[in-house]
Every structure is written in C-alpha cells, then in structure tokens.
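Colleague: Here it is: the structure, laid out below.
The values are calculated or read from the model by the stated rules, or taken from the named source; none is laboratory data. These figures come from a predicted structure and were not determined experimentally. Counting neighbours? That spans all protein chains shown, and the Cβs are built from the backbone with ideal geometry, glycine included.
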Amino acid sequence: MPEKYSLQTSIVIDAPAKKVFDLMLDLNQFDDWNPFRTMDPSVTTKVTQAKPGPGSLYEYQGDRIGRGQQLVVSAQKPNLIVSEMSFFGKKKTNTANIEFRIHEETAGTLVTWYMEGERGLGGKFMGVVLGFDKMMGKSFATGLAALKSLMESEK
C-alpha cells in the first residue's frame, strides 16, 4: 500500500516577495538556481511557456537524474506557486506535488520549498535505506541558497 510522504526546506531572502515570486514563476530562470541541474552534466532541459504561470512546463532528461517534468498548475501572486512533478521511470511514472510558499516578513522573504506525494515499496526502500528524504532536503536547501544568492546579488 502506498505511503504518504512530505518534506520541506526554507530560507529567508533579503528581497521583496513579489520579486522572488516573479523569478521563481518564470521557468526560463529555473536553471539559474535549480540544484538538480548541477548534479548531472548530461542533463538537457526544455521550457514551454507562453508567459510565466499556470500551464508552463519544464522538462528535463539526464543520465543520472533520469527524465521528468514540472508543470505549473496554479499561482497566487505573490505567495504561492503550485506545480506537479512527474518522474518517468522505465515501468512507472511517479508524481509529486510541489509548492513554493513565499511570505514577506520583517526580516525578509521566507521561501519554503515543499514536496508531497505517495511512494510504494521501492520508494519506501529509497527513503529509509538510501536516505532519499535527507538527500532531497539537502538538494532543496542547495537550490534555495542559490536562489538567495541570485536574488540578493541583483540589488
């Protein structure tokens, strides 16, 4: 029986929420802070979007990270971007829901990268034995640190 999972990582960025939101919503700028792109030098990506927002699609394929896509399904400016991730395996496609939660606070803008989904026996094995959740959390933290650096260097 599938098991639900969720994980999240946050960072505070010294930039207005609207500016952070606009950059994060534009999938043409995702590779500027995408932590998974740097994990696999063979990766190729394609962005399909008439304009940033719902319907925008980011596709990737690499020898190490495999093949998948991120589809923006909704956006509530300047606080929330919701996407559906699809990970295409040889026999099965797994999906996860991604949320970028953006909240302006006194000390800056709090950005949280949240992911939830379900996993079967193979996913449970990866989670427990291979430390998948810890690895993903670390990757999210790396990506958010790159986003912070990018946003704060634009001042």
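Colleague: State which residue is surrounded by the most Cβ atoms within 10 Å (Cβ to Cβ) when the search covers only region 97-155 and only residues that are modelled with pLDDT under 80 and within 21 Å of residue 82 (Cα to Cα).
Modeller: Only one residue fits best here, namely 119.
Colleague: Given (1) closer than 27 Å to residue 134 by Cβ; (2) acidic (Asp, Glu); (3) exposed (fewer than 14 other Cβ atoms within 10 Å of the Cβ), where does residue 14 come up short, assuming only one miss?
Modeller: Residue 14 satisfies all of (1) closer than 27 Å to residue 134 by Cβ; (2) acidic (Asp, Glu); (3) exposed (fewer than 14 other Cβ atoms within 10 Å of the Cβ) except (1).
Colleague: Same structure, new question: Output the residue which, of all residues in region 31-80 that are part of a loop (DSSP other than H, G, I, E, B) and among the small types (Gly, Ala, Ser), is surrounded by the most Cβ atoms within 10 Å (Cβ to Cβ).
Modeller: Only one residue fits best here, namely 56.
Colleague: Okay, moving on. Is there any pair with a first residue in region 40-55 that is among the acidic types (Asp, Glu) and a second that is part of a strand (DSSP E or B) and surrounded by 15 or more Cβ atoms within 10 Å (Cβ to Cβ) whose Cβ atoms are under 8 Å apart and which are 6 or more apart or on different chains, and what are they?
Modeller: 40/62
Colleague: All but one of (1) among the basic types (Lys, Arg); (2) under 22 Å from residue 117 (Cβ atoms); (3) in contact with an Asp or Glu (Cβ under 8 Å, 6 or more places away or on another chain) hold for residue 46; which doesn't?
Modeller: Unmet condition: (2).
Colleague: Return the residues of region 20-30 that are farther than 17 Å from residue 86 by Cα and surrounded by 15 or more Cβ atoms within 10 Å (Cβ to Cβ); say none if nothing qualifies.
Modeller: Once the filter is applied, which keeps residues that are farther than 17 Å from residue 86 by Cα and surrounded by 15 or more Cβ atoms within 10 Å (Cβ to Cβ), region 20-30 yields 20, 21, 23, 24, 25, 26, 29.
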